[in-house]
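Everything below concerns the one structure shown next.
Just so it is clear, none of the values below were taken in a lab; they were calculated from the coordinates. Bear in mind that the values here come from a model prediction, so they are computed numbers and not experimental data. Because the Cβ atoms are built from the backbone with ideal geometry, glycine has one as well, and the counts that use them run over all protein chains shown.
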Amino acid sequence: MCGVLLTFEDRFIGKEASVSSLYFLAFAVIAIILGYGWYARSISRSVILPDPKRATPATMYMDGVDFTPANRHVLFGYQFKSIAALGPIIGPIVAVQWGWLPAVLWVIFGTLFLGWVQDYSSIMLSVREDGQTFGALSFRLISPRARTILVMFIYFYLLLLMAAFGKIVGFDLMTNPAVPLGVLLVIAIGLLAGQMTYKWKLDILLTTLITVVLAFAGIWAGTLPAVKSFMESLGGGAQSPLFFGNVTWAQFMWSLVVLVICYLGAVLPIWRWAQPINYVAFWIVFLGIAAGTLGLLIWHPSIPASFPAFTNWSGNLTSAAAAAGVDKSFTSLGPLWPILFVTIACGAISGWHSLVSSSGTARQLENESDGLFVGAGAMFLEMFLAILSILTAVVGIGAVQGFGKYADLIGSGKAGGVFALGLAEMMHHVGIPVSFGVSFGAVFLTLMALTIMYLVVRFMRVASAEFLGDSIPFFRNASFGSIVALILSAFLIYTGFWARIWILFGGANQLMASMALLLASVWLMARGKNYLWAFIPAIFMFITTVAALLWTAFAVFRQVATTPNLAVNIMVGNIAAGIIAILLVLAALILVWDGMKALRKLKTGALAEAKA
Amino acid sequence: MKNPFAAQGESSLGRQASRLIKVFRDVLYGATVYEMVRDLRKQRAQREHLFILVVFGDLIGVPILPPYYTLRLLPYALEAFPGWKRTLLRERDMTDLCDMEA
């Protein structure tokens, strides 16, 4: 045993030995074989018992709109596109502050024991319950008030998502002068794609070819020196002046542009704006991932010995960065448990997946036995994306520019920049120049964030119209509801401290995952099935996320109380973030209280009627 | 003389390759155009539901609009009627909106 540990230490953590980055990918492949091929299949066969002869909601209630059976491979693509956004990319890169080993282990074991469990059980729960979504299910299985709390919970969660994504795009990516023109041109080209498809009715292959080539040309145009210097001058020069608090003019301006883009995406018809832009963006993201993976396989550098496998328990880079010659002060992310487990959300487990799985995928499942391939399969593929993201930091940057560059970028709040630069270094090995690759990587991330952000604003405006439309009729107006959602988002973007906002977003996301797992446990128990495979992850995630949210609330209130001369915007943002964290915890406690009561009732057989 | 086993092997390999290409194409379709197709289906269903509303009086025997026109339209509306009934009567929930992007 000692020998094994010493070998591990020598191979992975030792200062002199080096290990190929391909081991990471091999480790991920083994996890997929074990997790999907053995654990997930055996749970499915012994507990869920999918019956290919049983009619699914898609075939039973087929209306050609929401309930429509789809081929399993088509649905796999749909599910993966719906669940993969900025989460599996940014979270793992930020979490590398504890060292790459904890990040890799949580991504792999999180997916193996929790991630796929949530996605698959959400799909099957909805399939077996007539295609009902989580609101209706929590109303029926947990308690009537659970539905209202869940929707409020989702609203706050989406608000945090807007703040976290808005800050990355507006403060980090768009402030790079080589990026904005590319993003704006890709959006314009997306609109052209919509016009070509829906109005001119051109062939989709021709449309794709023309628009994707134009999009690449647009990104390249953004890297031209004249364009860069113009964009820089718009942002107030190389050192953009402070506009208010600690927000520079460039950050303020580009965040505002992002919010305007989200507004247009929320109020314009979906075929006119969101859908065609998403379509062009998909090809950029797909080609980027393909080129990055291919480049990594050709290059397959060793993990640099200078890149720490483990830094310290508090995720503070100060001493590691100082050893690498970076003279910056870093804020501690927080204790490894629970903060790491919410910093990486989507790459390991994410509550958003349960919402997408129950409302979209479950209603299109043609055959019950397709559920595992679609739900668990897409989750394991996302795990692969998260591992690739870790590699952009560890080898993309670490093997070329060293650990110091990673620390420098993270210290400047540029987690998106880490991915862009790391991907560029990987793509360089398939012949793509690094200067273009960096802009491409930043546009890639911006588009990934935007495609989710304007759909989130759409959801928020419809939710506010439903809840407040009767008492405040203004909310029925699409523009009003969207503007209110954007003002709330802007408030957090301009005031919140990024690392805390990201942790809060991850905490809310993971808390929703624990709710989904709890709902699945109640459902399994009601049917007299083994529920521990969902219940144990639910308890683990609930305790972890509540601890993470409380710790974050404590950290932000402490910062306000103990830091002299704190900028007003940071003080206001910290207080708001702390209040949101406490509200989320209270909502979750009520939901869990009701969930436990439902479980107790089921155990005592009081809900025998429900079983029948 | 052709080796039957070799021929069988080639055709099997060819079949597997074409199957893999089809799977890849389906996955790409699911991640790209499928969303557009779903949205178009939704738009078509909305138009059809308006159409059914026009002829609804005749469906229940109450001539709301001049029956000369609506009765002639009725056969075209009947095909979409079961889907319309299900969509109209289905209980909706706020969390249904999470699928709104499609």
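Figures for the structure shown
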| quantity | calculated |
| --- | --- |
| Whole-Å distance, taken between Cα centres, linking the stretch A:285-331 and the stretch A:58-94 | 31 Å |
| Within the stretch B:38-102: Cβ-based charge dipole about Cα centre, in debye rounded to nearest 20 (Lys, Arg +1; Asp, Glu -1) | 200 debye |
| Furthest towards positive pole of dipole, A:Ala478, A:Ala226, A:Gln559, structure part chain A, Cβ charges | A:Ala478 |
| Entries in A:Lys81/A:Lys603; A:Lys597/B:Lys42; A:Lys53/A:Lys81; A:Lys53/B:Lys85; A:Lys199/A:Lys228 that, when Cα-Cα distance is taken, lie over 31 Å | A:Lys81/A:Lys603; A:Lys597/B:Lys42; A:Lys199/A:Lys228 |
| Neighbourhood charge, 14 Å Cβ-Cβ cut-off, centred on A:Val267 and excluding it, Lys, Arg +1 and Asp, Glu -1 | +4 |
| Amide hydrogen neighbours beyond the local backbone of A:Ala324, cut-off 5 Å, H modeled | none |
| Amide H contacts of A:Val247 (H built 1.01 Å from N, under 5 Å, at least 5 apart or other chain) | none |
| Whole-Hz couplings from phi, Karplus 6.51/-1.76/1.60, listed for the stretch A:594-602; x for Gly and Pro | 5, x, 5, 5, 5, 5, 4, 4, 5 |
| Prolate/oblate/rounded call for chain A, Cα gyration tensor, a/c under 1.5 rounded | rounded |
| HN-Hα J in Hz across the stretch A:406-416 - Karplus 6.51, -1.76, 1.60, θ = phi - 60°, x for Gly and Pro | 4, 4, 4, 5, 5, x, 8, x, 10, 5, x |
| Rounded to the nearest 20 debye, dipole of the stretch A:36-161 from Cβ charges on Lys, Arg, Asp, Glu | 220 debye |
| Gyration tensor (alpha-carbon) shape descriptor, the stretch A:267-328, a/c threshold 1.5 | oblate |
| Whole-number D in µm²/s for the stretch A:84-202 (Stokes-Einstein; Kirkwood sum over Cα pairs; 10 °C, 1.306 mPa s) | 85 µm²/s |
| Translational D in µm²/s for the stretch A:506-612 (Stokes-Einstein at 25 °C, 0.890 mPa s, Kirkwood Rh from C-alpha pairs) | 159 µm²/s |
| Cα gyration tensor, the stretch B:38-102 - rounded (a/c under 1.5), prolate or oblate | prolate |
| Around A:Gly87: net Lys/Arg minus Asp/Glu count, Cβ-Cβ under 15 Å | 0 |
| Dipole magnitude of the protein assembly as shown about its Cα centre (Cβ charges: Lys, Arg +1; Asp, Glu -1), debye to nearest 20 | 1020 debye |
| Charge context of A:Val127, other residues only, Cβ under 11 angstrom, K/R +1, D/E -1 | -3 |
| Mean ellipticity per residue at 222 nm, deg cm²/dmol - from DSSP H runs of n ≥ 4 across chain A, formula -39500 (n - 2.57) | -22000 deg cm²/dmol |
